[in-house]
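Asker: I have a structure I would like to understand better, so I am pasting it below and will then ask my questions one at a time.
The values are calculated or read from the model by the stated rules, or taken from the named source; none is laboratory data. Since this is a predicted model, take the numbers as computed values, not measurements. All Cβ positions, even for glycine, are placed from backbone atoms using ideal geometry, and neighbour counts span all protein chains on display.
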Amino acid sequence: MPWDANHKHQSRQRILEAAAQLFVARGFDGVGIDDVMQQANMTRGAFYSHFKSKSELYHEAIPVAGFIAKEQLEAGCSNSFNLLKHNYLNQHKGADDTQFCPIALLISDIRHRDPAIRKTYEKVFAGFVEYINSHVNERSAALAQAATMIGAVALAQTLTDESLKAELLAACEAATRCEQE
């Protein structure tokens, strides 16, 4: 008996969510199809009924990773944009590396990918900027805050000195604080 359409959609979502987490944590080259399917609790053979290639999966997983990160950051923030920024800049505390922002952690990975994947990443970044812009109401300020926050998180992931990491993130949080809250 064939699976219903809902089952196929749910299976595809499981694969995308597993891939999103793994790609953010390890980058494109650090993840294999077997890794994704194991994370999704599915067989390798099931992969090919949903995606033609790992590149296609990566292309579709980037927006999913952005959505997951947004949902995690907004949880418990009510209407406080400053609290959301605090959570963004401190996302490394108590979290495993599958919970980080894909915009920050895939920067160096994306630049080596084909134009279609880079365009998808750009759309996720543009959505992040628009989200910030809805709170600061000035595009240049939104771009500056996005670059500061993304850069801080990306750089913090490379630092081994915890006090330097904390100092960097605190400085960036202070630099992006909104006065209207």
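Asker: Of all residues in segment 137-176, which are within 19 Å of the chain's Cα centre (by Cα) and among the small types (Gly, Ala, Ser)?
Answerer: Scanning segment 137-176 gives ALA142, ALA144, ALA146, ALA147, GLY151, ALA152, ALA154, ALA156.
Asker: Next up: Among the residues of segment 48-64, is there at least one that is in contact (Cβ under 8 Å) with a residue 60 or more places away in the chain and surrounded by fewer than 16 Cβ atoms within 10 Å (Cβ to Cβ)?
Answerer: Within segment 48-64 (the criterion being in contact (Cβ under 8 Å) with a residue 60 or more places away in the chain and surrounded by fewer than 16 Cβ atoms within 10 Å (Cβ to Cβ)), the answer is yes, since at least one residue qualifies.
Asker: Go over the candidates ASN6, ASN41 one by one and state the one that is on the phi < 0 side of the Ramachandran plot and of a type outside the set (Asp, Glu).
Answerer: ASN6
Asker: Can I ask one more? Need the failing condition index for ASP29 against (1) closer than 19 Å to ARG113 by Cα; (2) in contact with a helix residue (DSSP H, G or I) (Cβ under 7 Å, 6 or more places away or on another chain), just the number.
Answerer: Condition (2) is where ASP29 drops out.
Asker: Then there's this: (1) modelled with pLDDT of 90 or more; (2) surrounded by 14 or more Cβ atoms within 10 Å (Cβ to Cβ): which one isn't true of LEU83, the others all being true?
Answerer: (1)
Asker: I need the full set of residues from segment 102-122 which are surrounded by fewer than 21 Cβ atoms within 10 Å (Cβ to Cβ), touching a helix residue (DSSP H, G or I) at 6+ places or on another chain (Cβ under 6 Å) and at pLDDT below 90, in order please.
Answerer: Result: ILE107, single match.
Asker: Restricting to segment 21-35, what's the tally of residues that are assigned to a helix (DSSP H, G or I) and either under 18 Å from ALA69 (Cβ atoms) or not aliphatic (A, V, I, L, M) (or both)? Lay out the reasoning, then the answer.
Answerer: Applying the first criterion (assigned to a helix (DSSP H, G or I)) to segment 21-35 yields 21-26, 33-35.
Now narrow it down to the ones that are either under 18 Å from ALA69 (Cβ atoms) or not aliphatic (A, V, I, L, M) (or both): 21-26, 34-35.
Summing the residues that are assigned to a helix (DSSP H, G or I) and either under 18 Å from ALA69 (Cβ atoms) or not aliphatic (A, V, I, L, M) (or both) in segment 21-35 gives 8.
Asker: Evaluate segment 47-62: report whether one residue or more is closer than 19 Å to ILE132 by Cβ and of a type in the set (Ser, Thr, Tyr).
Answerer: no
Asker: Still on this structure, please answer the following. Quick check on segment 123-159: of everything there that is among the hydroxyl-bearing types (Ser, Thr, Tyr) and over 18 Å from GLN91 (Cβ atoms), which residue is modelled with the lowest pLDDT?
Answerer: My answer is SER134.
Asker: Which of the residues belonging to segment 144-165 are farther than 22 Å from VAL24 by Cα and in a helix (DSSP H, G or I)?
Answerer: Once the filter is applied, which keeps residues that are farther than 22 Å from VAL24 by Cα and in a helix (DSSP H, G or I), segment 144-165 yields ALA144, SER163, LEU164.
Asker: Just the residues that are of a type in the set (S, T, N, Q) and in a helix (DSSP H, G or I), please, taken from segment 36-67.
Answerer: Within segment 36-67, GLN38, GLN39, SER55 qualify.
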